[in-house]
Amino acid sequence: MYLVTNERLNKMKKILNTRQDTLRVFMDYVYSPHNLSAIVRTCDAVNVGKLYYRHQKKVKLNNEITMGAHKWLFTEYVEDIENFYKNIKEKGYQVVVTLLDKDTIDFREVDYTKPTLIVLGNEVDGASEVSIKYADKKVIIPMYGMSQSLNVSVANAVILYEAQRQRSIKGMYDKPQLSQEIIEKTLKKWTYEDIIKAKK
Ligand SMILES: C[S@@+](CC[C@H](N)C(=O)[O-])C[C@H]1O[C@@H](n2cnc3c(N)ncnc32)[C@H](O)[C@@H]1O
(Lines give C-alpha, C1' and ligand atoms only; values in the text may rest on other atoms or scores of the structure.)
Protein backbone atom coordinates (compact mmCIF):
# COMPACT_ATOMS: atom_id res chain seq x y z
CA MET A 1 0.00 0.00 0.00
CA TYR A 2 1.25 3.49 -0.85
CA LEU A 3 0.44 6.47 1.40
CA VAL A 4 0.02 9.05 -1.37
CA THR A 5 -3.07 10.02 -3.36
CA ASN A 6 -3.99 7.84 -6.34
CA GLU A 7 -3.42 10.79 -8.62
CA ARG A 8 0.13 11.27 -7.33
CA LEU A 9 0.84 7.54 -7.48
CA ASN A 10 -0.41 7.29 -11.07
CA LYS A 11 1.80 10.19 -12.05
CA MET A 12 4.84 8.44 -10.56
CA LYS A 13 3.92 5.19 -12.33
CA LYS A 14 3.56 7.02 -15.63
CA ILE A 15 7.02 8.56 -15.29
CA LEU A 16 8.59 5.18 -14.57
CA ASN A 17 6.68 3.36 -17.29
CA THR A 18 7.77 5.85 -19.93
CA ARG A 19 11.32 6.38 -18.66
CA GLN A 20 13.84 6.09 -21.50
CA ASP A 21 16.41 3.91 -19.80
CA THR A 22 18.28 3.67 -23.10
CA LEU A 23 18.70 7.43 -23.45
CA ARG A 24 21.23 8.96 -21.08
CA VAL A 25 23.10 12.23 -20.71
CA PHE A 26 26.59 12.93 -19.39
CA MET A 27 27.57 16.44 -18.26
CA ASP A 28 31.32 16.42 -18.87
CA TYR A 29 32.46 19.13 -16.42
CA VAL A 30 29.44 21.37 -16.95
CA TYR A 31 29.74 23.57 -13.85
CA SER A 32 27.32 26.52 -13.82
CA PRO A 33 24.40 25.87 -11.42
CA HIS A 34 22.14 27.66 -13.87
CA ASN A 35 23.11 25.33 -16.73
CA LEU A 36 23.07 22.20 -14.59
CA SER A 37 19.57 23.08 -13.42
CA ALA A 38 18.25 23.77 -16.90
CA ILE A 39 19.73 20.48 -18.14
CA VAL A 40 18.07 18.62 -15.25
CA ARG A 41 14.71 20.13 -16.14
CA THR A 42 14.89 19.14 -19.81
CA CYS A 43 16.14 15.63 -18.94
CA ASP A 44 13.09 15.27 -16.73
CA ALA A 45 10.78 16.53 -19.49
CA VAL A 46 12.12 14.03 -22.02
CA ASN A 47 12.30 11.40 -19.25
CA VAL A 48 15.90 10.32 -19.84
CA GLY A 49 17.11 7.17 -18.13
CA LYS A 50 20.01 8.67 -16.24
CA LEU A 51 21.97 11.89 -15.91
CA TYR A 52 25.69 11.51 -15.21
CA TYR A 53 27.93 14.30 -13.98
CA ARG A 54 31.55 14.79 -12.93
CA HIS A 55 32.21 18.42 -12.02
CA GLN A 56 31.71 17.89 -8.30
CA LYS A 57 30.04 15.25 -6.16
CA LYS A 58 27.61 17.63 -4.51
CA VAL A 59 26.04 19.59 -7.31
CA LYS A 60 24.61 23.04 -6.64
CA LEU A 61 21.24 23.45 -8.34
CA ASN A 62 18.94 26.40 -8.69
CA ASN A 63 15.52 25.24 -7.50
CA GLU A 64 13.77 28.05 -9.29
CA ILE A 65 15.06 26.55 -12.53
CA THR A 66 14.74 22.84 -11.79
CA MET A 67 11.25 23.35 -10.28
CA GLY A 68 11.85 20.13 -8.33
CA ALA A 69 12.62 18.10 -11.47
CA HIS A 70 15.86 16.76 -9.93
CA LYS A 71 13.87 14.61 -7.48
CA TRP A 72 12.57 12.38 -10.25
CA LEU A 73 15.76 11.84 -12.20
CA PHE A 74 18.23 9.01 -11.71
CA THR A 75 21.64 10.66 -11.37
CA GLU A 76 25.16 9.32 -10.92
CA TYR A 77 28.52 10.88 -10.17
CA VAL A 78 31.29 9.65 -12.48
CA GLU A 79 34.44 8.93 -10.53
CA ASP A 80 36.51 6.97 -13.03
CA ILE A 81 35.93 8.29 -16.52
CA GLU A 82 37.73 5.49 -18.40
CA ASN A 83 35.74 2.84 -16.55
CA PHE A 84 32.56 4.78 -17.10
CA TYR A 85 33.01 4.79 -20.87
CA LYS A 86 34.12 1.15 -20.98
CA ASN A 87 31.04 0.08 -19.01
CA ILE A 88 28.54 2.08 -21.00
CA LYS A 89 29.99 0.78 -24.27
CA GLU A 90 29.88 -2.78 -22.99
CA LYS A 91 26.18 -2.24 -22.32
CA GLY A 92 25.77 -1.38 -26.01
CA TYR A 93 25.38 2.39 -25.81
CA GLN A 94 26.59 4.60 -28.65
CA VAL A 95 28.47 7.65 -27.36
CA VAL A 96 27.28 10.84 -29.07
CA VAL A 97 29.50 13.80 -28.23
CA THR A 98 28.24 17.32 -28.93
CA LEU A 99 31.06 19.38 -30.38
CA LEU A 100 31.89 22.57 -32.22
CA ASP A 101 34.27 21.03 -34.67
CA LYS A 102 34.70 20.51 -38.38
CA ASP A 103 34.95 16.77 -37.87
CA THR A 104 31.25 16.46 -36.94
CA ILE A 105 27.91 15.48 -38.48
CA ASP A 106 24.55 17.23 -38.22
CA PHE A 107 22.88 16.07 -34.98
CA ARG A 108 19.77 15.02 -36.96
CA GLU A 109 21.73 12.32 -38.79
CA VAL A 110 21.98 10.17 -35.66
CA ASP A 111 19.59 7.32 -34.84
CA TYR A 112 18.66 8.13 -31.22
CA THR A 113 16.39 5.11 -30.94
CA LYS A 114 19.54 3.05 -30.32
CA PRO A 115 20.84 2.97 -26.74
CA THR A 116 22.51 6.39 -26.61
CA LEU A 117 24.67 8.44 -24.28
CA ILE A 118 24.68 12.15 -25.15
CA VAL A 119 27.78 14.01 -23.93
CA LEU A 120 27.67 17.73 -23.14
CA GLY A 121 30.88 19.70 -22.81
CA ASN A 122 32.21 22.28 -20.42
CA GLU A 123 31.03 25.87 -20.91
CA VAL A 124 34.54 27.12 -21.76
CA ASP A 125 36.59 24.16 -22.99
CA GLY A 126 33.91 21.95 -24.53
CA ALA A 127 33.98 18.14 -24.29
CA SER A 128 37.10 16.60 -22.73
CA GLU A 129 39.73 14.67 -24.70
CA VAL A 130 38.67 11.41 -23.10
CA SER A 131 35.04 11.91 -24.20
CA ILE A 132 36.19 12.64 -27.73
CA LYS A 133 38.33 9.51 -27.64
CA TYR A 134 35.28 7.35 -26.85
CA ALA A 135 32.90 9.12 -29.26
CA ASP A 136 31.05 6.93 -31.76
CA LYS A 137 29.45 10.02 -33.25
CA LYS A 138 30.49 13.67 -32.98
CA VAL A 139 27.55 15.96 -33.65
CA ILE A 140 26.99 19.65 -34.21
CA ILE A 141 23.87 21.78 -34.15
CA PRO A 142 24.28 24.05 -37.18
CA MET A 143 24.83 27.71 -36.35
CA TYR A 144 24.12 30.57 -38.78
CA GLY A 145 24.47 33.66 -36.56
CA MET A 146 27.37 35.61 -35.13
CA SER A 147 27.82 33.50 -32.00
CA GLN A 148 29.87 30.34 -32.28
CA SER A 149 27.99 28.19 -29.84
CA LEU A 150 24.70 27.69 -28.05
CA ASN A 151 24.34 27.68 -24.31
CA VAL A 152 25.02 24.07 -23.23
CA SER A 153 21.53 23.62 -21.75
CA VAL A 154 19.98 24.82 -25.00
CA ALA A 155 22.15 22.38 -26.98
CA ASN A 156 20.96 19.62 -24.63
CA ALA A 157 17.32 20.54 -25.24
CA VAL A 158 17.72 20.63 -29.02
CA ILE A 159 19.33 17.17 -29.14
CA LEU A 160 17.05 15.59 -26.57
CA TYR A 161 13.92 16.73 -28.38
CA GLU A 162 15.20 15.21 -31.62
CA ALA A 163 15.74 11.99 -29.67
CA GLN A 164 12.26 12.31 -28.15
CA ARG A 165 10.74 12.84 -31.62
CA GLN A 166 12.41 9.74 -33.05
CA ARG A 167 11.56 7.63 -30.04
CA SER A 168 7.90 8.73 -30.02
CA ILE A 169 7.52 7.76 -33.69
CA LYS A 170 8.94 4.35 -32.85
CA GLY A 171 6.51 3.92 -29.92
CA MET A 172 9.33 3.81 -27.39
CA TYR A 173 7.30 5.78 -24.84
CA ASP A 174 4.51 3.20 -25.06
CA LYS A 175 6.18 0.33 -23.29
CA PRO A 176 8.31 0.25 -20.14
CA GLN A 177 12.06 -0.03 -20.45
CA LEU A 178 12.69 -0.38 -16.71
CA SER A 179 12.19 -3.76 -15.07
CA GLN A 180 9.13 -4.22 -12.85
CA GLU A 181 11.50 -4.70 -9.92
CA ILE A 182 13.14 -1.28 -10.42
CA ILE A 183 9.73 0.36 -10.92
CA GLU A 184 8.42 -1.08 -7.63
CA LYS A 185 11.60 -0.18 -5.73
CA THR A 186 11.54 3.40 -7.05
CA LEU A 187 7.85 3.83 -6.28
CA LYS A 188 8.54 2.82 -2.66
CA LYS A 189 11.38 5.33 -2.44
CA TRP A 190 9.47 8.21 -4.05
CA THR A 191 6.31 7.70 -2.00
CA TYR A 192 8.36 7.47 1.20
CA GLU A 193 10.17 10.71 0.34
CA ASP A 194 6.82 12.36 -0.41
CA ILE A 195 5.52 11.49 3.06
CA ILE A 196 8.70 12.71 4.77
CA LYS A 197 8.45 15.99 2.87
CA ALA A 198 4.77 16.40 3.78
CA LYS A 199 5.63 15.93 7.49
CA LYS A 200 8.29 18.67 7.46
C1 LIG B 1 29.45 26.95 -24.82
S2 LIG B 1 29.78 25.44 -25.54
C3 LIG B 1 31.53 25.28 -25.40
C4 LIG B 1 32.29 26.20 -26.23
C5 LIG B 1 33.76 25.86 -26.27
N6 LIG B 1 34.50 27.08 -26.43
C7 LIG B 1 34.10 24.91 -27.41
O8 LIG B 1 34.79 25.30 -28.32
O9 LIG B 1 33.69 23.76 -27.36
C10 LIG B 1 29.31 24.30 -24.29
C11 LIG B 1 28.81 22.98 -24.80
O12 LIG B 1 27.52 23.16 -25.40
C13 LIG B 1 27.33 22.23 -26.45
N14 LIG B 1 27.11 23.01 -27.68
C15 LIG B 1 26.89 24.33 -27.75
N16 LIG B 1 26.63 24.71 -29.01
C17 LIG B 1 26.68 23.59 -29.76
C18 LIG B 1 26.49 23.33 -31.15
N19 LIG B 1 26.19 24.29 -32.00
N20 LIG B 1 26.62 22.05 -31.58
C21 LIG B 1 26.91 21.06 -30.71
N22 LIG B 1 27.09 21.25 -29.39
C23 LIG B 1 26.98 22.50 -28.92
C24 LIG B 1 28.58 21.38 -26.46
O25 LIG B 1 28.38 20.29 -25.62
C26 LIG B 1 29.63 22.31 -25.87
O27 LIG B 1 30.69 21.60 -25.33
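The values are calculated or read from the model by the stated rules, or taken from the named source; none is laboratory data. It should be emphasised that the depicted structure is a prediction, and the values quoted were computed from it without experimental measurement. Cβ sites come from the backbone with ideal geometry, for glycine too, and all protein chains shown count toward neighbours.
Which condition number in (1) among the charged types (D, E, K, R); (2) surrounded by 16 or more Cβ atoms within 10 Å (Cβ to Cβ); (3) within 9 Å of the ligand (Cβ to nearest atom) is the one that D125 fails?
D125 satisfies every listed condition except (2).
Please find, among Y77, Y93, the residue that is in contact with a strand residue (DSSP E or B) (Cβ under 7 Å, 6 or more places away or on another chain), aromatic (F, W, Y) and farther than 18 Å from H55 by Cβ.
Going through Y77, Y93 in turn, the sole match is Y93.
Tell me which of these T22 doesn't satisfy, since it passes every other one: (1) in contact with a Leu (Cβ under 9 Å, 6 or more places away or on another chain); (2) buried (at least 19 other Cβ atoms within 10 Å of the Cβ).
So T22 meets the others, but not (1).
Of the conditions (1) near the ligand (Cβ under 8 Å from one of its atoms); (2) assigned to a strand (DSSP E or B); (3) of a type in the set (A, V, I, L, M); (4) within 15 Å of the chain's Cα centre (by Cα), V139 clears all except one; give me its number.
V139 satisfies all of (1) near the ligand (Cβ under 8 Å from one of its atoms); (2) assigned to a strand (DSSP E or B); (3) of a type in the set (A, V, I, L, M); (4) within 15 Å of the chain's Cα centre (by Cα) except (4).
Could we say that L61 is of a type outside the set (K, R), closer than 30 Å to T191 by Cβ and in a loop (DSSP other than H, G, I, E, B) here?
Yes, satisfied.
Go through S131, S153, S179 for me and flag whichever is in contact (Cβ under 8 Å) with a residue 60 or more places away in the chain and under 21 Å from V46 (Cα atoms).
Sole residue among the options that is in contact (Cβ under 8 Å) with a residue 60 or more places away in the chain and under 21 Å from V46 (Cα atoms): S153.
Can you tell me which residue in segment 80-102 is surrounded by the fewest Cβ atoms within 10 Å (Cβ to Cβ), limited to those that are free of Cβ contacts under 8 Å to residues at least 12 places away in the same chain and not in a loop (DSSP other than H, G, I, E, B)?
So, considering only residues that are free of Cβ contacts under 8 Å to residues at least 12 places away in the same chain and not in a loop (DSSP other than H, G, I, E, B), the one surrounded by the fewest Cβ atoms within 10 Å (Cβ to Cβ) is E90.
Failed condition for K86, given (1) within 18 Å of the chain's Cα centre (by Cα); (2) under 20 Å from L51 (Cβ atoms); (3) more than 15 Å from the ligand (Cβ to nearest atom), with all others met?
Of everything listed in (1) within 18 Å of the chain's Cα centre (by Cα); (2) under 20 Å from L51 (Cβ atoms); (3) more than 15 Å from the ligand (Cβ to nearest atom), K86 misses just condition (1).
Within segment 142-152, count every residue that is more than 8 Å from the ligand (Cβ to nearest atom) and outside any loop (DSSP other than H, G, I, E, B).
0
Looking for whichever is within 14 Å of the ligand (Cβ to nearest atom) and either at pLDDT 95 or above or surrounded by 13 or more Cβ atoms within 10 Å (Cβ to Cβ) (or both) here; the options are D111, D106. Which one fits?
Answer to the check: D106.
So is I182 away from the ligand (no atom under 16 Å from the Cβ), assigned to a helix (DSSP H, G or I) and aliphatic (A, V, I, L, M) or not?
So I182 passes the test.
Among the residues of segment 124-133, is any part of a loop (DSSP other than H, G, I, E, B) and among the basic types (K, R)?
No, segment 124-133 has no match at all.
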